[in-house]
Amino acid sequence: MATFPPQPLRGTGFAGPLQEPPRGVANEVSMGANMNLLDLDLEGLAVFCDGLGEKRFRATQLYRWIHQKGQADFEQMSDLAKSLRGKLAGVAEVRGLPLISEHVSADGTVKWLFDVGDGNAVETVFIPETDRGTLCVSSQAGCAVGCRFCSTGHQGFSRNLRTGEIVAQLWFAEHRLRSTLGLTAGERAIDNVVMMGMGEPLQNYDALVPALRTMLSDHAYGLSRRRVTVSTSGVVPMIDRLRDDCPVALAVSLHAPDDRLRDSLVPLNRKYPIDELLDACSRYLDAAPRDFITFEYCMLDGVNDSPEQAAQLVALLKPRLPCKLNLIPFNPFPASGLTRSPRERVLAFAQVLQDAGLVTTIRKTRGDDIDAACGQLAGEVQDRTNAAERLSRRRQVIPIAAGAGA
Ligand code: SAH
Ligand code: SF4
């Protein structure tokens with residue numbers, strides 16, 4: 001398994017044009033109306049090749065070249081028949097996302113900003129750990145859910161990413177890191193993907209599922225289902241569909257132990273309240289690759305972090321389903337008007353959960369010197385939803401926890 005040096009890839013805080021771009025691999029970008037092969041999972045590629053009069057094994061070969069080798073140039077795909085290479089050149093291409101910037105944090109976290117057109121840009125973050133590497137991938141330009149504590153939510157929503165734009169983030173990052181870290185053939189840089197970047201993945205379901213299939217395919221990235229995580233604010237019908245179509249690890253952003261508070265923090269709760277959400281989580285477990293659901297809980301000072309609320313959370317979750325709690329220190333940004341819970345308060349909250357037998361972790365904040373931490377991803381969004389105005393109106397109506405606010 002790959003290990004990652006603790007030092008930055010390219011010096012602390014590097015921001016600017018790439019030096020030594022890997023040649024002939026995943027950073028190649030061209031524009032055009034051709035079919036972008038990154039939009040297709042293996043099944044889709046087989047249908048596409050069939051349309052060109054080519055057999056299925058050709059699709060597998062092509063898929064492997066693109067995803068396993070990071071090759072974008074058909075001419076370089078040496079074991080593909082010359083005639084196929086010729087056919088592809090006229091109708092298809094491997095179109096990555098134009099890279100705007102790359103920042104490397106002091107702790108080795110890397111953040112890339114990609115141009116997705118029309119003034120929109122999305123962010124992707126690589127988080128190295130001693131024994132694995134995690135990529136945090138975006139699913140939308142902006143997000144329509146509009147959570148109070150989330151920088152992406154404050155930017156509003158522009159559009160869904162296409163499958164190819166979701167896959168391009170992994171395609172680029174994997175091959176960029178492999179060449180920068182000097183990994184040998186067979187070593188991989190990324191073992192985990194978390195759909196925790198910008199956007200609500202289950203509100204972009206049709207593009208998400210083929211992207212997940214490519215992440216999982218042994219002919220592409222070969223990631224384990226347990227190591228691909230979809231994080232959701234709770235789109236209940238789509239949790240059910242994901243269970244049937246492509247069950248991967250599920251993380252649910254809960255953030256509150258009761259509907260009143262959750263309504264004000266995660267507006268989607270008004271449509272799918274906690275009770276319905278937990279029922280969907282129980283159903284998901286029937287097919288899930290892990291036998292628990294992870295609940296994320298962003299710790300907001302004086303809002304959701306009291307010991308009483310921890311006890312409420314225990315009473316809510318413990319009798320209903322096997323779960324793990326992941327407490328996320330709030331990553332502040334000016335427009336939120338919220339502050340991070342003090343460390344002692346987070347520890348006291350975690351203690352209540354642990355004492356009740358709920359496995360609880362406190363997430364380490366990574367990459368905050370480059371604004372790459374959870375919820376700080378801001379990209380560039382041409383908002384079509386008046387999010388800033390709506391959120392500033394809602395600012396006044398967050399119920400404050402009894403006894404909190406110390
Ligand atoms: N839309 C999905 C996935 C993207 S957000 C979701 O909401 O789950 C990924 C995670 O970051 C979520 O758990 C979200 O609640 C959390 N998050 C958002 N803003 C944050 C912030 N400012 N500080 C800490 N975590 C935040
Ligand atoms: Fe959207 Fe998730 Fe941010 Fe909420 S936390 S606004 S669902 S990206």
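The set of residues from the range 231-262 being within 15 Å of ligand 1 (Cβ to nearest atom) and in a helix (DSSP H, G or I) comprises Val236, Met238, Ile239, Leu242, Leu261, Arg262. With respect to Asp258, is the statement that it is of a type in the set (Asp, Glu), away from ligand 2 (no atom under 13 Å from the Cβ) and within 18 Å of Asn304 (Cα to Cα) true? Judged against the criteria, Asp258 is a match. Can you find even one residue in the range 356-363 that is polar (S, T, N, Q), part of a strand (DSSP E or B), within 27 Å of Thr109 (Cα to Cα) and at pLDDT 95 or above? Yes, the range 356-363 contains at least one residue that is polar (S, T, N, Q), part of a strand (DSSP E or B), within 27 Å of Thr109 (Cα to Cα) and at pLDDT 95 or above.
Screening Ala335 against (1) more than 20 Å from Cys147 (Cβ to Cβ); (2) in contact with a helix residue (DSSP H, G or I) (Cβ under 8 Å, 6 or more places away or on another chain) leaves a single unmet condition, (1). The lone criterion from (1) within 14 Å of ligand 1 (Cβ to nearest atom); (2) more than 20 Å from the chain's Cα centre (by Cα); (3) part of a helix (DSSP H, G or I) left unmet by Ala315 is number (1).
Taking the range 171-215 as the range and being under 20 Å from Thr109 (Cβ atoms), of a type in the set (Val, Ile, Thr) and assigned to a loop (DSSP other than H, G, I, E, B) as the test, only Ile190 passes. Look at the range 134-159: where a residue is outside the structural domain of Pro267 (by TED's automatic domain parsing), no partner that is away from ligand 1 (no atom under 11 Å from the Cβ) and outside any strand (DSSP E or B) sits 6+ places away or on another chain with Cβ atoms under 6 Å. Among residues of the range 221-235 that are over 15 Å from Tyr205 (Cβ atoms), those with a beta-carbon under 9 Å from a residue that is near ligand 2 (Cβ under 9 Å from one of its atoms) at least six positions away or on a different chain give the pairs Thr229/Met196.
On inspection, Ala173 passes the criterion of being away from ligand 2 (no atom under 16 Å from the Cβ) and aliphatic (A, V, I, L, M). Being touching a His at 6+ places or on another chain (Cβ under 9 Å) and over 14 Å from Thr360 (Cβ atoms) is a property that holds for Leu300. When you look at Asn326, is it out of contact with any helix residue (DSSP H, G or I) (no Cβ under 9 Å at 6 or more places or on another chain), within 12 Å of ligand 1 (Cβ to nearest atom) and assigned by TED's automatic domain parsing to the domain that holds Ala249, yes or no? Judged against the criteria, Asn326 is a match. Answer yes or no: is there a residue in the range 291-303 that is more than 16 Å from ligand 2 (Cβ to nearest atom), among the charged types (D, E, K, R) and surrounded by fewer than 17 Cβ atoms within 10 Å (Cβ to Cβ). Looking through the range 291-303, at least one residue is more than 16 Å from ligand 2 (Cβ to nearest atom), among the charged types (D, E, K, R) and surrounded by fewer than 17 Cβ atoms within 10 Å (Cβ to Cβ).
The values are calculated or read from the model by the stated rules, or taken from the named source; none is laboratory data. Predicted, not measured: the structure shown is a model, and the values here were computed from it. When we count neighbours, we look across all protein chains shown, and the Cβ atoms used for this are built from the backbone with ideal geometry, even at glycine.
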